[in-house]
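Coordinate-derived values only; no laboratory data. Being a predicted model, the structure only gives us computed values, none of them experimental. Every residue, glycine among them, receives a Cβ derived from its backbone with ideal geometry; neighbour counts consider all protein chains shown.
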Amino acid sequence: MTYDCTRRAAVIGGLAYMLYAAPLAAASDYDWQPAQLPPGTDASFTDKNGRKLSLSTLRGKPILLNIWATWCAPCVIELPALDRLQRDLKKRLNVVALSVDRSGMPIVRTALRKLSIRHLDAYVDVSGEVVSRFKVPSLPATIAISAESKPLFIRRGRVDWDDPAEREKLRAIFQW
């Protein structure tokens, strides 16, 4: 019996490390990487009113697609700064905070309300289509997409969007 409990604890601990600690430890080593995706890579998701949208319907302005989940601590920590980024750059950039919570929009709305998010719209992809199409390695992940819907760069891990150096990187990526 002791062997089974010890083995079970080791397996659970190993899985927890792989899912949470390892990506967090490695996230600080990541910066923007060229997106290895074909131009026009698209995916559909749902807005707060239950309407199906796709990234191509948002073309015209560059898109900063942030993929997050309510159960992902670094994702939740990042959201208030992402909200301020949308507030500050709304004329130049469309920040799309896309939740991949399988529980759907109600849990996403609750999380955004608790965080006092006012400038980001609520979007959700319960199917996992965006994660699959954009080859998202871990959460949070952010993809810079041109106004013509071409994926330019991808970045995994939490970002401090209030940091002037991070905002300067966005200016360089989108060539403002």
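Brief remarks on what is shown
- In this structure, the amide hydrogen of VAL96, modeled 1.01 Å from its nitrogen in the peptide plane, lies closer than 5 angstrom to those of LEU64, LEU65, ASN66, counting only residues at least 5 positions away or on a different chain.
- Global geometry of the range 85-137, whether rounded, prolate or oblate, following the gyration tensor of its Cα atoms and the 1.5 cut on a/c: oblate
- Taking a point 7 Å from the Cα of LYS61 along the Cα-to-Cβ direction, the residues of the range 87-119 with backbone N closer than 11 Å to it are 87-96.
- Descending semi-axes in whole angstrom, ellipsoid equivalent of the range 23-98, from the Cα gyration tensor: 22, 17, 15
- Sites ASP31 and SER132, calculated FRET efficiency, Cβ-Cβ separation with R0 30 Å, nearest 0.05: 0.80
- Extension gain, ARG51-ILE107: 0.36 nm per intervening residue step, less the Cα-Cα distance, totals 18.5 nm.
- Phi angles across the range 70-84 convert, under the Karplus curve 6.51 cos²θ - 1.76 cosθ + 1.60 with θ = phi - 60°, into 3J(HN,Hα) values of 5, 8, 9, 4, x, 4, 5, 4, 6, 4, x, 5, 5, 4, 5 Hz, Gly and Pro given as x.
- Seen from ARG102, the other residues with C-beta closer than 14 Å to its C-beta sum to a net charge of -3, counting Lys and Arg as +1 and Asp and Glu as -1.
- For the range 54-74, the residues whose amide N sits under 11 Å from a probe point set 7 Å from the Cα of LEU115 along the beta carbon direction are 66-74.
- The range 79-176: C-alpha gyration tensor shape, a/c 1.5 cut-off, then a/b vs b/c: oblate
- Each Lys or Arg adds one and each Asp or Glu subtracts one; over the other residues with Cβ under 13 Å from the Cβ of LYS52, this totals -2.
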